[in-house]
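Here's the structure, in structure tokens; my notes come after.
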There are 4 protein chains.
Amino acid sequence: MKEETIKEVLKFRDDRDWKQFHNPKDLAISICLEAAELLEVFQWSGAELDAKGKEDRVKEELADVLNYCILMADAYGLDMDEIVLEKMKDNNRKYPVSKAKGKSDKYNEL
Amino acid sequence: MKEETIKEVLKFRDDRDWKQFHNPKDLAISICLEAAELLEVFQWSGAELDAKGKEDRVKEELADVLNYCILMADAYGLDMDEIVLEKMKDNNRKYPVSKAKGKSDKYNEL
Amino acid sequence: MKEETIKEVLKFRDDRDWKQFHNPKDLAISICLEAAELLEVFQWSGAELDAKGKEDRVKEELADVLNYCILMADAYGLDMDEIVLEKMKDNNRKYPVSKAKGKSDKYNEL
Amino acid sequence: MKEETIKEVLKFRDDRDWKQFHNPKDLAISICLEAAELLEVFQWSGAELDAKGKEDRVKEELADVLNYCILMADAYGLDMDEIVLEKMKDNNRKYPVSKAKGKSDKYNEL
């Protein structure tokens, strides 16, 4: 994330003296809960897969997930861009284009 | 996120022709599943809240959550930094410092 | 659940001396993780909603969810049949047939 | 579950003509969402693991998880007691008392 975004999120936390609640276990719980709220936008939509007309809710719930990801990254001193790029290297090994192209299988089923 | 990170994630997807699977509903499911894998690092830890010795797993699972967030943001043409900053404005309204300082209550219970 | 099922689940736990790990917070986490594994059966299925050919995985993952529900109910001394029947009374109030018939809206949107 | 409980849950569904929404994928999503609501009771509790004073919320959210489990079992014609007992046999193989006693490790780490 951009420095400005991270700063804003941490300032919000510190202004409210909330770091005391933000232990890693409860942050992991919170990421999970916000992910569930994002998923709720798609509940009962059946075969309609794109939440038409609910883009605003998607935007807000995705922002909540990211908010807690920023706080989790801060708790462990991680740089979000770095860890994604690092993980992509793993994924490149796990899912070589030659095997994975056009298939949605898990790497251990390819 | 940084342009480079987003580019890398989208290139990984496109090299494998995976956009066909990445409808918003399944992406929302995937964010939820990766959030659960992150949470799994803390399962059975009881009152030990910081997953000592498991920092690498935290890093990898958080990266997976972010990976799918990037793909979800792309599906809706959203800028992740922008939506977080926008949400922080809402949160500032919902959780004024004067009411929320030092309290972990939800805004509707403050 | 039937007495026999509950007995078997509790005996399994006690034979392994696992009650020490089964605090309510970690049990709630575990129900969530197993629910995610059940959901994983449906990941990337797009508009195909019934996990054809994967009925065995559904069965096993649903059993895992129920297993932890039994342990959670035990932790609070709750009777699973009773609490469901009690909740159905609430739901009957929240979702009167006249308003809810044929609609998938949440009660506060009806 | 007891016949009476299952009957009540299915009658509630059928009185509202909701079977049309209850495809397995959305039921799996719903179990996950209710599991998250149950977990929410424990959010920000830190090292306090038993949700003291919130037993009523635990009861209600656990009932919601079970409600959707009943609907999922019905969708696949599964008997909840049977599948739990069957799974316990697997678990007995995966977690022999001699290896698992007093340890919270996953079977593949024992």
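The values are calculated or read from the model by the stated rules, or taken from the named source; none is laboratory data. The structure displayed is predicted, hence computed values, not measured ones. Using ideal geometry, Cβ is built from the backbone for each residue, glycine included, and neighbour counts are taken over all protein chains shown. Just the protein is used for accessible areas: all its heavy atoms, side chains included, with ligands, DNA and RNA removed. Shrake-Rupley method; radii C 1.70, N 1.55, O 1.52, S 1.80 Å.
Please work out if A:L10 is at pLDDT 95 or above and crowded, with 21+ Cβ neighbours inside 10 Å. Here the answer is no, as A:L10 does not meet what is asked.
One residue stands out among those in segment B:74-91 that are open to solvent by less than 40 Å² (accessible area, probe 1.4 Å) and touching a residue at least 12 places away in the same chain (Cβ under 8 Å): the one that is nearest to B:L10 (Cα to Cα), which is B:M80. Within segment A:49-63, which residues are more than 10 Å from the chain's Cα centre (by Cα), open to solvent by less than 20 Å² (accessible area, probe 1.4 Å) and either in contact (Cβ under 8 Å) with a residue 60 or more places away in the chain or within 20 Å of B:M1 (Cα to Cα) (or both)? Within segment A:49-63, A:V58 is the sole residue that qualifies.
Scanning segment C:92-110 for residues that are within 17 Å of D:K11 (Cβ to Cβ) and either open to solvent by less than 100 Å² (accessible area, probe 1.4 Å) or assigned by TED's automatic domain parsing to the domain that holds C:K7 (or both) yields C:N92, C:K94, C:Y95, C:P96, C:V97, C:A100, C:G102.
Can you pull out every residue in segment B:66-110 that is within 7 Å of another protein chain (Cβ to nearest Cβ), closer than 17 Å to A:R57 by Cβ and small (G, A, S)? Listed by number, the list holds a single entry, B:A73. Within segment B:8-22, the set of residues being in a loop (DSSP other than H, G, I, E, B) and in contact (Cβ under 8 Å) with a residue 12 or more places away in the chain comprises B:H22 only.
In segment C:29-40 there is at least one residue matching the filter, namely being assigned by TED's automatic domain parsing to the domain that holds C:I6 and β-branched (V, I, T). With the condition kept exactly as written, say whether any residue in segment D:64-71 is among the hydrophobic types (A, V, I, L, M, F, W, C), buried (at least 18 other Cβ atoms within 10 Å of the Cβ) and farther than 19 Å from C:E37 by Cα. No, the conditions are met nowhere in segment D:64-71.
Taking B:F21 as the residue in question, decide whether it is open to solvent by 20 Å² or more (accessible area, probe 1.4 Å) and facing chain C (nearest Cβ under 10 Å). Yes; evaluated as a whole, the condition is true for this residue. Per the conditions (1) within 8 Å of chain A (Cβ to nearest Cβ); (2) open to solvent by 10 Å² or more (accessible area, probe 1.4 Å); (3) within 19 Å of A:L39 (Cβ to Cβ), the sole criterion not satisfied by D:W44 is (3).
Within segment B:3-12, is there a residue that is more than 7 Å from every other protein chain (Cβ to nearest Cβ), out of contact with any strand residue (DSSP E or B) (no Cβ under 6 Å at 6 or more places or on another chain) and of a type in the set (A, V, I, L, M, F, W, C)? Checked against the condition, which is being more than 7 Å from every other protein chain (Cβ to nearest Cβ), out of contact with any strand residue (DSSP E or B) (no Cβ under 6 Å at 6 or more places or on another chain) and of a type in the set (A, V, I, L, M, F, W, C), segment B:3-12 yields at least one hit.
Restricting attention to segment C:13-69, the residues that are within 30 Å of B:H22 (Cα to Cα) and among the aromatic types (F, W, Y) add up to 2. Among the criteria (1) more than 12 Å from the chain's Cα centre (by Cα); (2) over 22 Å from D:V41 (Cβ atoms), the one B:Y107 does not fulfil is (2).
Pairs linking a residue in segment D:37-48 that is farther than 18 Å from D:V65 by Cα to a residue that is open to solvent by 10 Å² or more (accessible area, probe 1.4 Å) and part of a helix (DSSP H, G or I), with Cβ atoms under 6 Å and 6 or more positions apart or on different chains, are D:W44/A:F21.
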